[in-house]
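To start, the structure under review is shown below, and the notes come after it.
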């Protein structure tokens with residue numbers, strides 16, 4: 001019987017306290033890694049959202065810039081007002097177009113149908129961004145140290161991401177657009 005007791009005592013193993021301590025350490029390390037993963041995921045989502053808004057605003061300013069540069073005539077583009085305007089109406093190739101706020105959060109380009117007089121939407125900003133403010137106004141530049149009115153339109157747009165939890169707000173794009181095909 002003495003031999004049987006000795007064989008049980010010689011067996012190696014972990015005590016209950018060692019197992020609990022090991023599990024606690026592993027749980028703490030896993031918690032740390034998950035927190036780091038969640039934090040880096042949030043930062044990645046915010047960065048992607050900010051890039052998406054910047055890209056959309058850049059695309060919008062490029063489209064509007066191209067349209068104004070190529071226009072034959074500007075009907076109204078904030079040029080006759082000190083405060084500027086949220087819309088811009090112009091003629092390209094004999095067709096009248098209008099950039100304006102078409103929904104609460106989006107901005108559209110519409111083409112006028114000469115037969116009916118109605119406007120048809122041909123472009124609308126992405127639903128992931130919110131267009132907070134748009135302003136067209138007469139641009140200015142300096143000539144020989146004095147400020148004088150030039151043939152350009154100053155376009156400003158402020159946008160945000162639709163998901164407010166991402167905290168991507170008030171991104172601004174501004175461009176001075178040369179109106180090379182006509183004079184005011």
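Here is how the numbers come out for the structure above:
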read-out	value
Strands (runs of 3 or more DSSP E) lying entirely in the stretch 115-184 (those with 3 or more residues that are over 15 Å from residue 65 (Cβ atoms), under 29 Å from the mean Cα position of the chain (by Cα) and modelled with pLDDT of 90 or more)	119-124, 129-143, 146-161
Residue within the stretch 33-47 that is loosely packed, with under 14 Cβ neighbours inside 10 Å, in contact with a strand residue (DSSP E or B) (Cβ under 8 Å, 6 or more places away or on another chain) and at negative phi present	no
Number of the condition not met by residue 107 [criteria: (1) modelled with pLDDT under 90; (2) surrounded by 16 or more Cβ atoms within 10 Å (Cβ to Cβ)]	(1)
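The values are calculated or read from the model by the stated rules, or taken from the named source; none is laboratory data. Bear in mind the structure is a predicted one, so any value in this text is a computation, not a measurement. FYI the Cβ positions are ideal-geometry reconstructions off the backbone, even for glycines, and counts take in every protein chain you see.
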